[in-house]
Amino acid sequence: MNQDSQSMHFEYNVEGGNFSRAGYASSEIKKLLKQLNVDMGIIKRTVVGCYEAEVNVVAHAYTGTIYVDLNTESITIRFQDEGPGIPDIDQAMVEGFSTASSKVREMGFGAGMGLPNIKKNADQMKISSIVGKGTTLEITMLLQ
Amino acid sequence: MMTLAAIAEKLGLKVLSGQSGMNRQVTGGYVSDLLSDVMGHAQAGHIWITLQTHKNVMAIASLKDLAAVILVTGHQPDEDTVLQSNEEEIPVLGTDLPAFEISGKLYELLKT
Ligand SMILES: Nc1ncnc2c1ncn2[C@@H]1O[C@H](COP(=O)(O)OP(=O)(O)O)[C@@H](O)[C@H]1O
Ligand SMILES: [Mg+2]
């Protein structure tokens with residue numbers, strides 16, 4: 001953590017394939033935003049976006065890092081992973097599209113609603129991906 | 001609004017874990033076995049009715065500030081689900097009824 005009067009920065013690791021830890025980083029981020037007295041409605045939307053993005057790293061990538069940057073105007077959360085990448089982002093954004101394995105689906109993941117959920121709840125969302133390298137998803141929540 | 005304790009008594013639900021959270025207030029319910037669907041649609045204070053028994057259920061219940069989880073048709077929570085339920089004080093309740101029937105009963109109870 002590094003903190004001055006203007007902005008704060010936090011980082012969290014996400015382990016690909018480790019479903020028993022899925023949601024842990026999102027829970028830490030939720031606690032952080034509560035401590036900082038962020039508006040409850042904004043926290044709720046942020047939590048939905050964070051959880052879905054974290055689970056995508058767990059379900060679809062090998063390893064990832066979450067970078068959280070806060071200032072008085074906005075919260076920016078970047079999920080950067082090393083993984084297979086997304087060949088067609090428009091297709092991945094379609095509700096119901098999923099490449100999740102049947103085992104992952106049986107657990108109730110892989111409904112193809114994650115990226116649409118993020119889009120609905122974030123004020124801004126950006127994805128970039130390089131096939132064979134990884135994916136970076138960034139969500140921004142406006143505080144004012 | 002009703003407490004979990006009152007609802008559990010009226011509907012004959014077994015407390016499988018998270019006993020210390022039984023005084024939580026319930027605002028409604030949501031029925032789904034798809035985690036993203038619950039993430040997107042359940043509201044704080046809801047009871048989540050499902051057959052999913054693994055630990056990720058508790059992660060979602062906690063992130064969404066749900067009041068409790070009801071496992072249907074006699075399903076039992078996994079061991080690590082029980083641990084997290086106890087820690088978070090979000091009860092997991094059990095019923096032998098299928099989702100349709102327990103949802104109908106809960107709906108009737110909360111509607112008034
Ligand atoms: N971080 C990621 N790395 C690789 N592929 C991803 C990633 N995030 C999403 N995807 C791809 O986009 C699809 C849709 O994602 P999403 O809407 O979250 O649905 P789901 O995760 O349920 O499959 C995934 O099935 C996967 O093919
Ligand atoms: Mg997903």
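Bear in mind these aren't lab numbers, they're just calculated from the coordinates by the rules spelled out. Predicted model, so just to flag it, every value in this text is computed and none were measured. No Cβ is skipped: glycine too gets one built from the backbone with ideal geometry, and neighbour counts run over all protein chains shown.
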Study note, to complete from the structure: Mean other chain Cβ within 10 Å across B:28-40 is 5
Exercise for review: Residues in the range A:27-70, backbone N under 12 Å from the label point at A:Ser101 (7 Å along the Cα-to-beta-carbon vector): list them, ranges by number please.
Suggested key: A:59-61
Review point. What are the lysines whose alpha-carbon lies under 29 Å from the alpha-carbon of A:Lys119, with same-chain residues fewer than 8 places away excluded?
Key: A:Lys30, A:Lys31, A:Lys34, A:Lys44, A:Lys103, A:Lys133, B:Lys55, B:Lys64
Check your understanding: Where nothing but the Cβ of Lys and Arg (+1) and of Asp and Glu (-1) is charged, how large is the charge dipole of chain A around its Cα centre, in debye to the nearest 20?
Key -> 360
Review point. So, in nm, how far is label A:Leu142 from label A:Leu36 when the simple model puts each one 7 Å beyond its Cα toward the Cβ?
Key: 1.8
**Study point:** Spin-label zone in the range B:47-83 - amide nitrogen under 20 Å from a point set 7 Å from the Cα of B:Glu108 along the C-beta vector
**Key:** B:47-50, B:70-74
Review point. Across peptide A:19-31, what mean number of C-beta atoms from other chains lies inside 10 Å of a residue's C-beta?
Key: 3
Practice item. Would you mind getting the Kirkwood hydrodynamic radius of the protein assembly as shown from its Cα pairs, rounded to one decimal in Å? Key: 18.8
Review point. In chain A, which helices (entire DSSP H runs) extend 20 Å or more along their own long axis, judged by Cα positions, while averaging at least -0.5 on the Kyte-Doolittle scale?
Key: A:40-60
Exercise for review: Mind telling me which of B:Met58, B:Met22, B:Met39 comes out most flexible in a GNM of chain B, alpha-carbon contacts under 10 Å?
Suggested key: B:Met39
Check your understanding: For chain A, what class follows from the C-alpha gyration tensor (a ≥ b ≥ c being the square roots of its eigenvalues): rounded when a/c is under 1.5, otherwise prolate if a/b is larger than b/c, else oblate?
Key -> prolate
Review point. Over the range A:2-142, what relative contact order in percent results from Cα pairs under 8 Å that are six or more residues apart?
Key: 26
Study note, to complete from the structure: To the nearest 20 debye, chain B has a Cα-centred charge dipole, built from +1 on Lys and Arg Cβ and -1 on Asp and Glu Cβ, of 340
Check your understanding: To the nearest whole percent, what portion of all C-alpha pairs in the range B:2-111 is separated by more than 22 angstrom?
Key -> 16
**Study point:** Partner chain coverage, peptide A:93-99 - average Cβ within 10 angstrom
**Key:** 0
Check your understanding: To the nearest 20 debye, what is the magnitude of the charge dipole of the range A:1-64 about its Cα centre, counting +1 on the Cβ of each Lys and Arg and -1 on the Cβ of each Asp and Glu?
Key -> 240
Review point. What relative contact order, as a whole-number percentage, does the range A:52-93 give when Cα pairs under 8 Å and 6 or more residues apart are counted?
Key: 36
Point to revise | Amide N of the range A:24-38 lying under 18 Å from the label point, which is placed 7 angstrom from the Cα of A:Met8 along Cα→Cβ | key: A:25-38
Exercise for review: Calculate the length of the line joining the C-alpha centroid of the range A:1-50 to that of the range B:75-104, in whole Å.
Suggested key: 26
